[in-house]
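Reading through the structure tokens given below for one structure.
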Amino acid sequence: SALLFAAYAQLPDGEIPLINDSDTLDHSGMFEAGFRLFRDPALQWVSSRGAQGAPLPTPSRDFDGYLILSDSWGQDPASFARRQHVFFDRAPLGAGSHSHYDLLSLCWFANGHPILVDPGRFTYDPEPDSAGIDWRGAFKSTAFHNTVEIDGKDQTRYRSKSKTPPPGVARYDKSRHTANHGPDVEIRGAAHHIGDYGDWAMATAASHEYRPLHTRAVVFLRRQYLVAFDHIDTVDGEEHAAVLRFHLAARWQRRVQFSATSRWAIARTDDWDIHTAMSGQGEAEMQDGWVSTSY
């Protein structure tokens with residue numbers, strides 16, 4: 001049901017991941033109304049954030065390609081707030097203009113705070129700003145999500161509704177185009193397992209914009225450690241550029257210690273570590289970014 005999905009998707013602090021064109025909301029009132037209507041103690045548990053009711057029977061669940069993984073539902077408000085929450089998107093693009101080009105992206109919440117986030121939506125205005133940046137397109141783009149961008153292209157081609165789109169971006173024309181984006185990125189080899197002590201999920205993104213295939217496997221090892229394996233199959237044997245990005249929540253700005261060699265990139269704070277293993281040709285750096293929790 002929609003209530004059940006919302007219960008799993010809601011973060012331990014009451015917010016929701018900003019996937020697609022989501023708004024920042026606290027659904028506690030909705031869950032309380034659901035409890036009064038259906039008398040389901042699990043909805044009361046989510047509404048009260050571990051103060052009343054009873055935890056849901058399983059910490060992790062698949063919702064038609066949206067994998068929501070958690071270490072537990074907590075035993076009380078304190079442990080409810082500290083639990084880990086992983087949102088893994090291997091779902092279809094979706095109809096309309098609210099979808100983002102974010103197949104195989106991750107969001108991660110732990111120890112009371114969001115760590116890896118979807119940067120949000122920011123604006124519906126299709127017109128580029130004074131610097132020529134189309135922010136509507138940017139926040140939908142693959143580069144603005146925690147997945148792999150190949151050859152500097154989106155997984156799905158963006159078409160702008162602007163009267164003067166940026167160079168290289170086609171204008172959406174209802175008389176010629178059936179959708180305001182190009183062919184959907186395809187999902188191949190999707191599989192997952194929700195276990196007693198750990199979970200895993202995987203899929204391959206096959207884009208119509210470039211030849212290489214991106215496969216990601218996510219393992220929630222003993223529901224303690226989050227491990228993501230990314231493999232790029234170049235298919236055509238040619239050289240391609242693959243960029244893996246992790247977008248951190250705004251609270252971590254200027255609080256991250258970062259180091260990199262040709263083999264490892266390590267970002268850490270007092271609360272968490274992210275270790276990224278790289279090939280001998282890999283390079284890593286910290287960059288400024290954008291997160292928008294409102295339009």
Please go through the stretch 101-141 and pick out each residue that is among the aliphatic types (A, V, I, L, M) and either open to solvent by less than 10 Å² (accessible area, probe 1.4 Å) or at pLDDT 95 or above (or both).
-> 103, 104, 106, 110, 115, 116, 117
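Residues are listed down the side, and each one gets a yes or a no for (1) touching a residue at least 24 places away in the same chain (Cβ under 8 Å); (2) within 19 Å of the chain's Cα centre (by Cα); (3) surrounded by fewer than 17 Cβ atoms within 10 Å (Cβ to Cβ):
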| residue | (1), (2), (3) |
| --- | --- |
| 196 | no, no, yes |
| 199 | yes, yes, no |
| 211 | yes, no, yes |
| 215 | yes, yes, no |
| 222 | yes, no, yes |
| 234 | no, no, yes |
| 249 | yes, yes, no |
| 265 | no, no, no |
Hits in the stretch 142-167 (condition: of a type in the set (S, T, N, Q) and open to solvent by less than 10 Å² (accessible area, probe 1.4 Å)) = 142, 146, 147, 155, 156, 160, 162
Unique residue being open to solvent by 50 Å² or more (accessible area, probe 1.4 Å) and hydroxyl-bearing (Ser, Thr, Tyr) when the list is 292, 279, 207 | 279
Exactly one of (1) in contact with a helix residue (DSSP H, G or I) (Cβ under 9 Å, 6 or more places away or on another chain); (2) without any contact (Cβ under 8 Å) to a residue 12 or more places away in the chain; (3) not in a helix (DSSP H, G or I) is unmet by residue 25. Its number?
-> (1)
Condition met for residue 5 (surrounded by 14 or more Cβ atoms within 10 Å (Cβ to Cβ) and over 30 Å from residue 141 (Cα atoms)) | no
Could you please find all residues in the stretch 250-288 being outside any loop (DSSP other than H, G, I, E, B), closer than 20 Å to residue 106 by Cα and small (Gly, Ala, Ser)?
-> 250, 265, 267, 277
What are the residues in the stretch 32-58 that are under 20 Å from residue 82 (Cα atoms) and part of a helix (DSSP H, G or I), if any?
-> 42, 43, 44, 45, 46, 47, 48
Quick one: which strands (runs of 3 or more DSSP E) sit completely within the stretch 69-188 and have at least 2 residues that are closer than 28 Å to residue 6 by Cα?
-> 85-89, 106-110, 113-116
Please name all residue pairs, on different chains or six or more residues apart, with Cβ atoms under 8 Å, provided the first residue is in the stretch 282-295 and is in contact (Cβ under 8 Å) with a residue 60 or more places away in the chain and the second residue is surrounded by fewer than 16 Cβ atoms within 10 Å (Cβ to Cβ) and not in a loop (DSSP other than H, G, I, E, B).
-> 291/250
Take the residues in the stretch 59-100 that are at pLDDT 95 or above and hydroxyl-bearing (Ser, Thr, Tyr), then tell me which one is farthest from residue 140 (Cα to Cα).
-> 79
Identify the single condition in (1) out of contact with any Ser or Thr (no Cβ under 6 Å at 6 or more places or on another chain); (2) over 30 Å from residue 111 (Cα atoms); (3) without any contact (Cβ under 8 Å) to a residue 60 or more places away in the chain that residue 136 does not satisfy, given that it satisfies every other one.
-> (1)
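Quick one: count up the residues across the stretch 45-62 that are within 15 Å of residue 75 (Cβ to Cβ) and polar (S, T, N, Q).
Looking only at that region, the number is 2.
The values are calculated or read from the model by the stated rules, or taken from the named source; none is laboratory data. Not measured: the values here are computed from a predicted model. No Cβ is skipped: glycine too gets one built from the backbone with ideal geometry, and neighbour counts run over all protein chains shown. Ligands, DNA and RNA are stripped out before the accessible areas are found, and what is left, the full protein with its side chains, is counted by its heavy atoms. Shrake-Rupley method; radii C 1.70, N 1.55, O 1.52, S 1.80 Å.
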